[in-house]
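S.K.: What follows is a single structure, and I will ask about it in a moment.
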Amino acid sequence: MTQILVLHTSARRDGSLSREYTERLVERLRASHADAKVVVRDLGAEPLPHLDETLLGGWMKPAEQQNEAERAAAARAAGLVDELLTSDIVVIGSAMYNFGITSTLKAWLDHVLQAGRTFKYTENGPVGLAGDRKVYVVTARGGRYQGSPLDHQAPYLKTALGFIGIDDVEFVHVEGQAMGEGEAAKGRAEAEESIAQVA
Ligand SMILES: Cc1cc2nc3c(=O)[nH]c(=O)nc-3n(C[C@H](O)[C@H](O)[C@H](O)COP(=O)(O)O)c2cc1C
């Protein structure tokens, strides 16, 4: 069975293009993975806490020195890593906020980029341990950013996912949504075309 993990990260539910096109992409994937189990994590509606002293305590302190909150925070992070590592495909709906990813997606990354679970340190530098899966990222943006130095969303996600070994990352961009009707329609048509090409 194929497990597809879907992450929604937009703060809005009504009118969210990253959600809409993520769902379209998931439908497309379902067509080629009839046995797929889809697990949805709505980080926009139910945000994870920021990485704080409690979670760091859960990771860094020896078990006998951890308090209850630190143990609970570490267990929450471990559960998120398990969810990632049991998924064959991950689809991330990524709204662009202020040139980058939403803080809700950053909080998820802060939980799952975990030494000993998704990467390890070696004499030759860090090595990713989560590589055995495919990630699709559906970005939604008011402007157009592909290839622009102002894009701190797609390059950052590539870097962060690459750090844990995930190099198979494919982007679907819903761009130009605040650039007038013509550009918005063009951006949506391009996204539909990209989704249609997903195997
Ligand atoms: C707080 C906020 C910040 C935004 N920052 C940017 C930005 O830096 N660049 C851009 O092109 N669009 C920006 N936008 C527009 C969103 O990227 C666009 O509305 C996109 O469709 C949001 O995804 P969603 O439709 O899934 O909510 C911003 C929107 C919000 C609400």
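S.K.: If the viscosity is 1.567 mPa s and the temperature 4 °C, what translational diffusion coefficient in µm²/s does Stokes-Einstein give for the chain when Rh comes from Kirkwood over Cα pairs?
M.R.: The diffusion coefficient I find is 73 µm²/s.
S.K.: Viscosity 1.002 mPa s, temperature 20 °C: what is the translational diffusion coefficient of the stretch 1-59 from Stokes-Einstein with a Kirkwood Rh over Cα pairs, rounded to a whole number of µm²/s?
M.R.: The Stokes-Einstein estimate is 161 µm²/s.
S.K.: Taking the highest mean first, how do the peptides 41-50, 131-140 order by number of other beta carbon atoms within 10 angstrom per residue?
M.R.: For the peptides 41-50, 131-140, the packing ranking is 131-140, 41-50.
S.K.: Taking K and R as +1 and D and E as -1, what net charge do the other residues with C-beta under 12 Å from the C-beta of residue 40 add up to?
M.R.: Value of the local net charge: -1.
S.K.: Measuring from the lowest to the highest alpha carbon on each principal axis, how far does the stretch 152-199 reach, largest first, in angstroms?
M.R.: The principal-axis extents, from largest down, are 39, 27, 7 Å.
S.K.: Based only on Cα atoms, what mean projected area does the convex hull of the stretch 61-103 have, in nm²?
M.R.: Directional mean of the projected Cα hull area for the stretch 61-103 stands at 4.8 nm².
S.K.: Summarise the accessible area of the stretch 59-199 (1.4 Å probe, protein heavy atoms) by the percent that is carbon and sulfur.
M.R.: 52
S.K.: Could you report the chain's accessible area per residue, 1.4 Å probe, as an integer in Å²?
M.R.: 50
S.K.: Further question on the same structure: For n ≥ 4 DSSP H runs only, could you compute -39500 (n - 2.57) per run for the chain, divide by its residues and tell me the 222 nm figure to the nearest 500?
M.R.: Calculated at 222 nm, the ellipticity per residue is -12500 deg cm²/dmol.
S.K.: If you don't mind, there's one more thing I want to ask. In what sequence, highest mean first, do 109-118, 88-97, 178-187, 59-68 appear when ranked by Cβ atoms within 10 angstrom?
M.R.: 88-97, 109-118, 178-187, 59-68
S.K.: What's log10 of I(q)/I(0) for the stretch 93-181 at q = 0.12, 0.17 Å⁻¹, Debye sum over Cα points only, no solvent?
M.R.: The calculated log intensity ratios at q = 0.12, 0.17 Å⁻¹ are -0.40, -0.74.
The values are calculated or read from the model by the stated rules, or taken from the named source; none is laboratory data. Remember, it's a predicted structure, so these values are computed and weren't measured experimentally. Every residue, glycine among them, receives a Cβ derived from its backbone with ideal geometry; neighbour counts consider all protein chains shown. Note: areas computed on protein heavy atoms with side chains; ligands, DNA, RNA excluded. Shrake-Rupley method; radii C 1.70, N 1.55, O 1.52, S 1.80 Å.
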